[in-house]
Each structure stands twice: as C-alpha cells, then as structure tokens.
C-alpha cells in the first residue's frame with residue numbers, strides 16, 4: 001500500500017487512541033512517521049507496533065509536550081535535520097478533562113489547562129510546522145477537533161470551547177496559506193463518540209454508554225481506525241483540492 005509513500009508525517013498524541021491508529025495507518029501506507037506524545041511508554045509502544053507490522057514506512061518517537069513552544073522548536077528542527085522535510089502534520093494531542101465539567105463549576109486552572117493543550121498546542125504546531133512545510137515544497141495539516149465544535153457541551157464546557165477554537169483556527173491557517181501560495185492545506189477532523197481511553201473516560205458506566213449509543217444513528221460507537229482513515233485521506237494527495245473544511249466522522253450524530 002502506498003497512499004502516502006515517501007511522505008514524512010508528524011503525529012502528536014500518538015501514544016494511544018486516534019493518534020496511535022493514525023500513525024500505524026500512515027506507516028502502513030508508506031509514510032515515515034514521527035510519533036510524539038507526552039506519554040513516553042505509549043509512544044514507544046506505538047513505534048514498536050509499527051515495526052512489528054513491517055509497515056511500508058518507518059517510525060521513531062519524540063517525547064513532546066505540545067503546549068510548550070520549546071518542545072515544538074526542538075522537534076521540528078530535529079525532524080528537518082534528520083528526515084530533511086515535513087510533508088504532513090497531524091495535530092491530534094488533546095485532553096477532555098474531568099467529566100462532568102460545567103462552566104459554573106470549572107476552575108480557571110482547569111479551563112487554562114484545557115486550552116493550553118487543545119488550542120495552544122494546535123497553534124504552536126501550525127506556527128512551527130508551516131515554515132518547515134513551506135521549505136519542503138508544501139504539505140497537509142490535519143487538526144483533530146470534535147463533534148463538540150458544532151454542539152453545545154454543558155457537561156464539558158472548556159472542552160467544547162477548545163474544539164470550537166480548533167475548528168475556526170483551522171480555517172484561518174488554510175486561508176492564510178492558500179492566499180500566500182504556500183501549497184499547504186489545512187483541514188479539521190471531527191470525531192463523534194470514539195472508543196478510545198478518552199472516549200471511555202466520559203462514559204463511566206453502562207447507563208451512560210447505553211444512553212450515548214442511542215444518540216448515534218448508525219447504531220454503534222466509532223473506532224480509532226475510523227478517524228485514522230479520514231486523516232489518511234486528508235494527508236494524502238488524494239485530497240489535493242481540499243482545504244479549510246471539516247470532515248465529520250460521527251455515525252450521523254451531526255445530521256440529527
């Protein structure tokens with residue numbers, strides 16, 4: 001398989017869940033993947049799984065706090081020195097926070113931590129990734145947002161706000177790069193309820209899971225691979241005419 005053969009792609013938050021599934025799929029389709037995560041054991045396990053699968057592309061791990069600009073500078077500089085180019089960036093790292101979290105009960109510290117990871121991390125990724133992609137002749141950025149960017153989230157106040165910001169910022173980056181002729185596309189993906197460690201954390205018991213399942217028209221929860229295939233399309237040249245848009249992968253929830 002070779003949908004992204006020869007491409008160098010950086011995937012943040014790739015130590016588990018959607019990030020891990022994405023890194024594995026991109027490698028299987030021929031990309032060299034730089035796996036980053038604040039969770040070192042998880043990131044190393046992702047690289048190990050890619051190696052065990054004898055994927056078309058290779059992978060290596062970098063420990064990475066996406067909210068820290070110094071980490072972004074170090075990782076991008078190292079990537080350009082070692083791999084020589086950056087073709088794709090998946091800004092996937094994020095947190096959901098405690099559940100439930102209403103705006104009346106959430107602390108300022110919780111709010112700031114959510115936005116520092118979910119929004120500032122995406123901002124820094126684009127800020128430092130775009131110059132590297134421009135130097136490489138162009139590329140594709142995919143920002144992981146959420147179905148929450150379209151809906152009110154009374155039980156996840158800061159999370160919903162952060163994902164709405166990612167949706168809007170994605171369009172800003174897309175239009176800026178297009179108008180400047182950078183040949184860099186930027187799109188967002190919007191997962192619904194996906195069975196990852198984060199997804200399971202906001203569905204703490206059978207009653208909550210049953211209630212959530214009834215809200216999905218397609219009748220089942222999503223898997224990390226469902227999102228990974230959408231990201232693969234957006235990173236690949238198959239989506240060369242797609243920028244500034246949202247890819248919603250939610251089993252039909254946003255259509256209700």
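The values are calculated or read from the model by the stated rules, or taken from the named source; none is laboratory data. Bear in mind that the values here come from a model prediction, so they are computed numbers and not experimental data. Here Cβ is always computed from backbone atoms with ideal geometry, including for glycine, and neighbour counts include all displayed protein chains.
Can you go through 71, 37, 87, 78 and tell me which one is free of Cβ contacts under 8 Å to residues at least 24 places away in the same chain and either crowded, with 16+ Cβ neighbours inside 10 Å or on the phi > 0 side of the Ramachandran plot (or both)?
Values: 37 fails: free of Cβ contacts under 8 Å to residues at least 24 places away in the same chain; 87 fails: free of Cβ contacts under 8 Å to residues at least 24 places away in the same chain; 78 fails: either crowded, with 16+ Cβ neighbours inside 10 Å or on the phi > 0 side of the Ramachandran plot (or both).
None of the other options fit; the residue is 71.
Evaluate the range 76-94: report whether one residue or more is in a helix (DSSP H, G or I), over 20 Å from residue 134 (Cα atoms), modelled with pLDDT of 95 or more and more than 18 Å from the chain's Cα centre (by Cα).
No: the range 76-94 contains no residue that is in a helix (DSSP H, G or I), over 20 Å from residue 134 (Cα atoms), modelled with pLDDT of 95 or more and more than 18 Å from the chain's Cα centre (by Cα).
On the given criteria, is residue 13 within 14 Å of the chain's Cα centre (by Cα), at positive phi, in contact (Cβ under 8 Å) with a residue 12 or more places away in the chain and crowded, with 24+ Cβ neighbours inside 10 Å? So that I can check it myself, show each step before the final result.
Details: within 14 Å of the chain's Cα centre (by Cα): yes; at positive phi: yes; in contact (Cβ under 8 Å) with a residue 12 or more places away in the chain: yes; crowded, with 24+ Cβ neighbours inside 10 Å: yes.
So residue 13 fits the description; yes.
Which residues, counting only those in the range 1-44, are under 25 Å from residue 146 (Cβ atoms) and assigned to a strand (DSSP E or B)?
Result: 9, 10, 11, 33, 34, 35, 36, 37.
Return the residues of the range 162-195 that are assigned to a helix (DSSP H, G or I) and either crowded, with 19+ Cβ neighbours inside 10 Å or at pLDDT below 95 (or both); say none if nothing qualifies. Reasoning before the result, please.
Taking the range 162-195 and keeping what is assigned to a helix (DSSP H, G or I), we get 162-179.
Hits for the range 162-195 are 162, 163, 166, 169, 170, 173, 174, 177.
For residue 244, indicate whether it is outside any helix (DSSP H, G or I) and within 16 Å of residue 143 (Cβ to Cβ). Steps first, answer last, please.
On the way: outside any helix (DSSP H, G or I): yes; within 16 Å of residue 143 (Cβ to Cβ): yes.
Spelling it out, residue 244 is indeed outside any helix (DSSP H, G or I) and within 16 Å of residue 143 (Cβ to Cβ).
Mind listing whichever residues of the range 129-152 are out of contact with any strand residue (DSSP E or B) (no Cβ under 9 Å at 6 or more places or on another chain) and closer than 19 Å to residue 115 by Cβ?
Passing the criteria: 151, 152.
Say whether the condition of being at pLDDT below 95 and within 22 Å of residue 138 (Cα to Cα) is met by at least one residue in the range 54-71. Don't jump to the end; show me each part of the working.
If we filter the range 54-71 for residues that are at pLDDT below 95, which is where we start, we get 54-58.
Right, trim to within 22 Å of residue 138 (Cα to Cα) and you get 57-58.
Within the range 54-71, one or more residues are at pLDDT below 95 and within 22 Å of residue 138 (Cα to Cα).
Only one of these conditions is not met by residue 49: (1) over 25 Å from residue 162 (Cβ atoms); (2) part of a loop (DSSP other than H, G, I, E, B). Which number is it?
(2)
Pull up the range 123-155, narrow it to residues that are over 13 Å from residue 10 (Cβ atoms) and assigned to a helix (DSSP H, G or I), then point me to the one that is farthest from the chain's Cα centre (by Cα).
135
Quick check on the range 48-57: of everything there that is surrounded by fewer than 17 Cβ atoms within 10 Å (Cβ to Cβ) and in contact with a helix residue (DSSP H, G or I) (Cβ under 7 Å, 6 or more places away or on another chain), which residue is farthest from residue 118 (Cα to Cα)? Even if it seems obvious, please write down each step before you answer.
Step one: list which residues in the range 48-57 are surrounded by fewer than 17 Cβ atoms within 10 Å (Cβ to Cβ), which gives 48-49, 51-54.
Narrowing further to those that are in contact with a helix residue (DSSP H, G or I) (Cβ under 7 Å, 6 or more places away or on another chain): 49, 53.
Numbers: 49: 26, 53: 31 Å.
The residue in question is 53.
Only one of these conditions is not met by residue 99: (1) out of contact with any strand residue (DSSP E or B) (no Cβ under 9 Å at 6 or more places or on another chain); (2) surrounded by fewer than 21 Cβ atoms within 10 Å (Cβ to Cβ); (3) within 22 Å of residue 167 (Cβ to Cβ); (4) touching a residue at least 24 places away in the same chain (Cβ under 8 Å). Which number is it?
Going through (1) out of contact with any strand residue (DSSP E or B) (no Cβ under 9 Å at 6 or more places or on another chain); (2) surrounded by fewer than 21 Cβ atoms within 10 Å (Cβ to Cβ); (3) within 22 Å of residue 167 (Cβ to Cβ); (4) touching a residue at least 24 places away in the same chain (Cβ under 8 Å) one by one, residue 99 breaks only (1).
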